[in-house]
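Asks: Dumping the structure here so I can ask a few things about it.
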Amino acid sequence: MTLNSRLVFRIDAGPAQTRTLVQNEVRGPVGSSLSIMTRRGLCMLGMAEGQTAWIEQADGRRESVLIATVLYQPEAARRAVRERSQVEARRPHGLTLVYSAAADWRPLGERAGMRQTGDDDPGPTAA
């Protein structure tokens, strides 16, 4: 885990908790973040998904911390964007012709003539 990682973890056999590791707990909604200034937050830095660690509290009690799932990690997200852009860089740039119309096209700016019938009333086509 690194700073700003969003993760799901369990303390001992307790319920799953979802938090974002932050440096200071001054921003964001209450209960959505876990500061690395706490024993639990500091313990989670550097851990990986599925890993368990034990923390000894000030009163001597030990608790286990299990990282259940990593929902978001900034470094991994950056790496994925970089890899995606490298794949796109290998593609040819510019437009790709996917359909070609018949050869009866008119150059841009050329005016089409009005269709005339036998009499001088152009009919509905003039509307």
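The values are calculated or read from the model by the stated rules, or taken from the named source; none is laboratory data. Since the model is a prediction, treat every value here as computed from it, not as a measurement. A quick note on method: Cβ atoms are made from the backbone with ideal geometry, for glycine too, and the neighbour counts reach across all protein chains shown. Protein only, heavy atoms only, side chains kept; ligands, DNA and RNA dropped before computing areas. Shrake-Rupley method; radii C 1.70, N 1.55, O 1.52, S 1.80 Å.
Asks: I'm trying to understand the selection: among the residues of segment 27-85, which are touching a residue at least 12 places away in the same chain (Cβ under 8 Å) and assigned to a helix (DSSP H, G or I)?
Replies: Result: 39, 40, 41, 43, 44, 74, 75.
Asks: Next up: Can you name the number of the only condition in (1) surrounded by 11 or more Cβ atoms within 10 Å (Cβ to Cβ); (2) of a type in the set (S, T, N, Q); (3) part of a helix (DSSP H, G or I) that residue 4 fails?
Replies: The number of the failed condition is (3).
Asks: Among the numbered criteria (1) closer than 16 Å to residue 72 by Cα; (2) outside any strand (DSSP E or B), which single criterion is violated by residue 24?
Replies: (1)
Asks: Condition first: among the β-branched types (Val, Ile, Thr) and either open to solvent by 100 Å² or more (accessible area, probe 1.4 Å) or within 14 Å of residue 70 (Cβ to Cβ) (or both). Now tell me which residues in segment 9-58 satisfy that.
Replies: First, the residues of segment 9-58 that are among the β-branched types (Val, Ile, Thr): 11, 18, 20, 22, 26, 30, 36, 38, 52, 55.
If the condition is that a residue be among the β-branched types (Val, Ile, Thr) and either open to solvent by 100 Å² or more (accessible area, probe 1.4 Å) or within 14 Å of residue 70 (Cβ to Cβ) (or both), then 18, 20, 26, 30 are the ones that fit.
Asks: I'd like the residue in segment 66-91 that is within 12 Å of the chain's Cα centre (by Cα) and among the hydrophobic types (A, V, I, L, M, F, W, C) and, out of all such residues, is modelled with the highest pLDDT.
Replies: Ranking the qualifying residues of segment 66-91, first place goes to 71.
Asks: Restricting attention to segment 68-88, which residues are open to solvent by less than 100 Å² (accessible area, probe 1.4 Å) and among the charged types (D, E, K, R)?
Replies: 75, 88
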